[in-house]
1. Within the group 195, 172, which residue is more than 16 Å from the ligand (Cβ to nearest atom), assigned to a helix (DSSP H, G or I) and in contact (Cβ under 8 Å) with a residue 24 or more places away in the chain?
2. Of all residues in region 56-82, how many are assigned to a loop (DSSP other than H, G, I, E, B) and either open to solvent by 30 Å² or more (accessible area, probe 1.4 Å) or more than 16 Å from the ligand (Cβ to nearest atom) (or both)?
3. Which condition number in (1) open to solvent by 50 Å² or more (accessible area, probe 1.4 Å); (2) assigned to a loop (DSSP other than H, G, I, E, B) is the one that residue 149 fails?
4. What tally of residues in region 142-163 results from selecting those that are at pLDDT below 95 and under 27 Å from residue 93 (Cβ atoms)?
5. Give me the residue from region 1-27 that is surrounded by fewer than 14 Cβ atoms within 10 Å (Cβ to Cβ) and small (Gly, Ala, Ser) and, out of that set, farthest from residue 51 (Cα to Cα).
6. Tell me whether region 242-262 contains one or more residues that are within 16 Å of the ligand (Cβ to nearest atom), open to solvent by 50 Å² or more (accessible area, probe 1.4 Å) and either in contact (Cβ under 8 Å) with a residue 40 or more places away in the chain or within 21 Å of the chain's Cα centre (by Cα) (or both).
7. Please go through (1) over 16 Å from residue 165 (Cα atoms); (2) assigned to a strand (DSSP E or B); (3) within 16 Å of the ligand (Cβ to nearest atom) for residue 101 and return the number of the only condition it doesn't satisfy.
8. Somewhere in region 41-55, is a residue open to solvent by 20 Å² or more (accessible area, probe 1.4 Å), part of a strand (DSSP E or B) and in contact (Cβ under 8 Å) with a residue 40 or more places away in the chain?
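The values are calculated or read from the model by the stated rules, or taken from the named source; none is laboratory data. The model shown is predicted, which means the values in this text are computed figures rather than measured ones. Cβ placement follows ideal geometry from the backbone for every residue including glycine, while neighbour counts extend to all protein chains displayed. Calculation scope for accessible area: heavy atoms of the full protein, side chains included, ligands and nucleic acids excluded. Shrake-Rupley method; radii C 1.70, N 1.55, O 1.52, S 1.80 Å.
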Amino acid sequence: MKINLATTGGFCFGVRRAIAIALATAKSGAQVEMLGDIVHNEDVVRQMNAAGIRTIQRLRRGENKILLIRAHGASQEVFDKAAKRGYTIVDATCPKVRRIYKLAEVSKHEGCEVVIIGDKNHDEVRGIVGQLKGNALVIDNPKRMPLKRIKQISKACVVVQSTQNLDMTMDILARLKQHIKSLTFYNTICKPTRIKQQEIKTMPLKNDVMIIIGSRTSANTRRLYEIARSLNKRSHWIQSRGELKAGWFRGAQSVGVMAGASTPDATTRDVIDRIRSF
Ligand code: SF4
């Protein structure tokens, strides 16, 4: 059985950068806390915790502590609150995500109704909505568009969660254009996401089985899996080698392996070794 590893799989530069910032900050000897997970991957979070970085869910007293802002960013309110509590802030927000926050903010100031194409519950989208003090419309599905509200919008600026599915985004955009006269679209899907989505559109057609590796909490991995599955029913989403099942590969001549943007190379190597053993 041939194993074909995606050329675009694994850490994107934003995740690599956030991890490097976190580890360098931990080395400084200060007490470091991160609000939520630095990236959506349990192995990476474990690595961070082992380096002495604590994961917190709520801000505490921040004197003599460093607060690490994760790759998905945080709203200005979080920055302000943390500073008030005495934290020193180290910002590991991906520059691509920071640009979306900025665009949304500027659009709002220019009198636009900000529309975000993205998952309502994803940290990045929540952060952008928080930044706009809740004044944004989030759309996550072309089949569930709040038409009544959309029809009331005269001027819209549309931004996209960095890891959204491009095809679905264009579908939502086309529907928005039917109802909103003045619409400015910022395609803020980041380049690493785009090239991964490009590759995942062909891999499932060229391989008998597809394995997508990444955390259940990783939005970009979910997207890769959804695309793969729509093209090849023998697509499986796993977090680590332990979830692989020998039966998946029965009769297969080739297997394609793709890893999400927050999946460490070591996890992918482990998975490939296990597939070889079948
Ligand atoms: S997926 Fe894109 S936006 Fe997210 S961290 Fe990576 S480069 Fe940045």
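1. Details: 195 fails: more than 16 Å from the ligand (Cβ to nearest atom).
Only one candidate passes the filter, namely 172.
2. We begin by selecting, within region 56-82, every residue assigned to a loop (DSSP other than H, G, I, E, B); these are 57-64, 70-75.
Add one more test, that the residue is either open to solvent by 30 Å² or more (accessible area, probe 1.4 Å) or more than 16 Å from the ligand (Cβ to nearest atom) (or both), and what stays is 57-64, 70, 75.
Number of matching residues: 10.
3. (2) is the only condition that residue 149 fails.
4. 1
5. It comes out as 20.
6. Going through region 242-262, the residues within 16 Å of the ligand (Cβ to nearest atom) turn out to be 258-262.
Restricting the remaining residues to those that are open to solvent by 50 Å² or more (accessible area, probe 1.4 Å) gives none.
Within region 242-262 (the criterion being within 16 Å of the ligand (Cβ to nearest atom), open to solvent by 50 Å² or more (accessible area, probe 1.4 Å) and either in contact (Cβ under 8 Å) with a residue 40 or more places away in the chain or within 21 Å of the chain's Cα centre (by Cα) (or both)), the answer is no, since none of the residues qualifies.
7. Here residue 101 clears every test but (2).
8. No, because not a single residue in region 41-55 is open to solvent by 20 Å² or more (accessible area, probe 1.4 Å), part of a strand (DSSP E or B) and in contact (Cβ under 8 Å) with a residue 40 or more places away in the chain.
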